[in-house]
Each structure stands twice: as C-alpha cells, then as structure tokens.
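Written below as structure tokens is the structure these notes are about.
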Amino acid sequence: MVVASPTPVRPDLIRPTGLLPVIDLSRRRSHVIDCIVQACEEFGFFKLVNHGVPRHVVANMEAEAFAFFRQPEPEKRRAGPPDPLGYGCRNIGFNGDTGEVEYLLLHTNQASINQRSKTISKDPKKFSCIVREYVEAVRDLTAEILEILGEGLRLKDPQGLARLVKDGESDSVFRLNHYPSLLTSNNGEGNNNNNSRDMSSEESGYCCVNGGGGGLKGVIGFGEHSDPQMLTLLRSNEVLGLQVSVGEGLWVPVSPDPDSFCVLVGDALQALTNGRFVSVRHRAMTNPYKSRLSMVYFGAPPLPARIAPLPETITAQRPSLYRPFTWAEYKKTTYLHRLSHSRLDLFRAR
Ligand code: GA4
C-alpha cells in the first residue's frame with residue numbers, strides 16, 4: 001500500500017472525546033429509549049455497551065478479517081476489484097475517492113456471502129459461517145435499536161423500522177476495513193498488517209492532531225461522509241481512528257473500545273424521521289503505529305422500499321422535508337456522487 005502525504009488536520013478543530021454519549025443497553029428500558037432518542041437527535045451517534053452480542057462471535061469475525069488482510073496482495077486481489085462488492089484497496093466508490101484503507105465489502109444476503117467466500121478464503125464454508133453468525137447478531141441488535149426508536153418516536157407501528165432490516169430482501173451490507181499502520185505499510189507487496197509488528201499501545205496512543213514521534217502524522221483512511229443506509233453498527237479493535245463531526249467543522253475522536261458498538265444514524269433514517277434524527281458525518285484516520293480494523297454493518301431496507309418522512313414526524317411547524325423515494329433510487333444516487341457529497345439534499349421537498 002502506498003503511503004500518501006499526510007492530509008493536514010487542524011488541531012483547533014478537534015474536541016475531547018468525552019462529549020459523545022455512551023448508552024448501556026442493559027439499563028431500564030424507558031431510560032434507554034430516552035437516551036437513544038436524544039443521542040440520535042443531538043449527534044446521530046452513540047456508543048452502545050452491554051449490547052449482548054457474544055464475544056466469541058466478534059472474536060471469530062475479527063480473526064477471519066485479520067487472516068484475510070494478512071495475505072499477500074495477489075491473494076487478496078482474487079476477491080476484487082470491487083463492483084462495489086469485493087476486495088478494494090485505496091479506491092472508494094467510482095468517482096475518484098481514495099483513502100489509506102483496504103477493505104472487503106459484502107452483501108448480507110446468504111447466497112451472496114457463500115458465493116463471494118470462494119474468492120476470499122481457502123475455507124469458504126468456515127468463512128461464510130463466521131460472517132453469517134456475525135451479521136445475524138448485529139442485524140438483530142440493529143433491529144432492537146430500531147424498535148427502541150420506534151417506541152421513542154411513538155410510531156403507530158413501532159416495529160416498522162426494524163422490519164425493514166429484518167426483511168429477507170434487505171439490502172444491508174457488511175464491510176471490513178483495514179487501516180494499516182504507517183510503519184507496516186508497503187507498496188502492496190505482501191504483509192502489511194502483521195499486528196505483532198505494531199508498536200506498543202503506549203506509543204500508539206497517538207494524537208491524530210499532532211501525529212506521533214518521528215514526524216509521522218495521522219492520515220485520512222476513509223474521508224468524511226455520512227452513511228446512506230438507516231443505521232450503522234461499527235466495531236473496531238482497540239486502535240484510535242474514528243472521528244465524528246459535531247458541526248461547525250468540529251471533529252471528535254471516538255475512544256476505541258472493542259467491547260462496544262458505535263451506532264451511527266444514516267441518511268435513510270434522517271429522511272424517515274423528517275430530519276429529527278441526523279445522519280452523522282464521520283471519517284477514519286490511520287494510526288501511525290497500529291493497524292486498525294473496523295467491522296461495519298450497514299442496515300438498509302429492501303431495494304423497492306419507499307422512504308418518506310413518517311406521518312408521526314410531520315407537523316404543522318415541521319412539514320415534510322423530503323420527497324418520497326425508493327432505497328434503490330437513493331442507492332443509485334450515492335454511487336453517482338463523491339463520498340463527501342450531501343446527497344440527501346437532492347431529495348428535499350420543494
Ligand atoms: C459509505 C458507507 C458504506 O461504506 C458504503 C460506501 C460506498 C462504497 O464504498 O462502495 C460509497 C459510500 C458508502 C458513499 C458514497 C459512494 C458509495 C462509496 C462512494 C463514493 C458501502 C455505502 O453504502 O456508501
């Protein structure tokens with residue numbers, strides 16, 4: 001992987017990490033509902049702890065992901081180029097976006113996972129089984145959060161949002177992102193993510209503003225964007241990198257916690273809630289000393305599903321902000337634009 005020259009990051013525009021909400025799913029239901037609704041309104045982001053996804057399901061998925069990325073480049077390329085599904089390296093989407101990242105993008109449909117696994121793993125049955133277990137667990141958790149939101153919004157059909165991601169035809173996708181450390185990056189000629197060669201955690205507790213020692217600075221791994229889907233569940237290893245925008249150009253680093261999930265509101269949920277929940281802009285920095293791995297589930301409706309502000313979110317003071325559209329239409333639009341585009345603006349009601 002080629003190391004790009006560092007993208008300058010303005011230290012004055014970074015805020016402390018304690019600002020972001022952390023929600024304990026094991027607390028009293030009514031309390032959890034209030035906290036989640038408030039977090040989705042204020043930030044479009046929260047960290048979820050005591051979420052109930054079994055440790056071994058996460059650990060197995062992480063081991064498979066590292067095993068894939070550890071392979072020599074030609075092996076990985078068997079699963080590419082991304083169409084957009086499959087293995088990709090540095091190129092994101094089809095309109096010239098790049099980042100210091102390599103990734104695997106999978107559809108969550110089981111037939112698609114089985115088919116793709118043949119190009120990804122020497123033991124495709126094991127790989128697809130581990131992906132299935134992980135995806136089912138995070139899909140169920142996503143559905144649970146959407147039910148909580150349905151209750152919190154006092155929807156007539158509180159389970160309606162959750163049904164969209166639980167639908168067998170759901171267009172949800174799953175992404176493994178690997179951000180090699182700058183020290184272990186190479187020119188795409190083999191191992192670039194051997195975790196054991198990374199620096200100590202003390203050295204890697206770097207500040208992405210000023211960079212670490214030796215003049216190494218944080219580099220953009222995945223540029224600023226919002227997720228197009230409804231809800232994103234992101235889990236990363238213990239390496240710092242994710243940053244969320246809290247408006248007015250301020251970025252907050254998310255402290256890494258392998259036992260939690262970051263939950264992000266996507267564009268489709270912003271439209272469904274008539275802008276009451278905000279899709280959060282975020283980005284990922286590479287860590288100079290440690291490889292970062294994120295496992296990201298993007299909960300989406302089926303392609304023909306109609307997205308329009310729910311009646312309960314439309315009031316005289318707040319008329320419908322968006323025109324109705326299908327998820328297929330929205331998805332097509334995302335691929336016609338750059339990563340950082342504010343694509344939901346194209347669907348505003350006139
Ligand atoms: C961002 C969220 C998901 O990772 C993703 C990305 C997709 C891709 O990498 O293929 C997109 C990006 C994401 C938004 C704008 C378009 C599409 C790359 C890109 C430039 C899988 C998704 O659904 O949208």
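All of the numbers you see were taken from the coordinates with simple rules; none came from a lab. Since this is a predicted model, take the numbers as computed values, not measurements. As a convention, Cβ positions derive from the backbone with ideal geometry for all residues, glycine included, and neighbour counts pool all protein chains shown.
Below, the figures for the structure above:
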read-out: Pair list, Cβ under 6 Å, 6 or more apart: the range 72-91 residue touching a residue at least 60 places away in the same chain (Cβ under 8 Å), other residue surrounded by 15 or more Cβ atoms within 10 Å (Cβ to Cβ) and of a type in the set (S, T, N, Q); value: 90/98
read-out: Subset of the range 33-52 (residues that are within 17 Å of residue 255 (Cα to Cα) and over 19 Å from the mean Cα position of the chain (by Cα)); value: 50
read-out: Residue match in the range 147-156 (condition: over 16 Å from the mean Cα position of the chain (by Cα), within 16 Å of the ligand (Cβ to nearest atom) and at negative phi); value: no
read-out: Where residue 134 falls short, out of the listed (1) touching a Ser or Thr at 6+ places or on another chain (Cβ under 8 Å); (2) farther than 26 Å from residue 182 by Cβ; value: (1)
read-out: Hits in the range 152-164 (condition: within 18 Å of residue 40 (Cα to Cα) and surrounded by 16 or more Cβ atoms within 10 Å (Cβ to Cβ)); value: 152, 153, 155, 158, 161, 162
read-out: Complete set of residues in the range 316-350 that are more than 16 Å from the ligand (Cβ to nearest atom), of a type in the set (A, V, I, L, M, F, W, C) and surrounded by 12 or more Cβ atoms within 10 Å (Cβ to Cβ); value: 321, 349
read-out: Residue count, the range 295-315 (criterion: more than 10 Å from the ligand (Cβ to nearest atom), under 20 Å from the mean Cα position of the chain (by Cα) and crowded, with 18+ Cβ neighbours inside 10 Å); value: 4
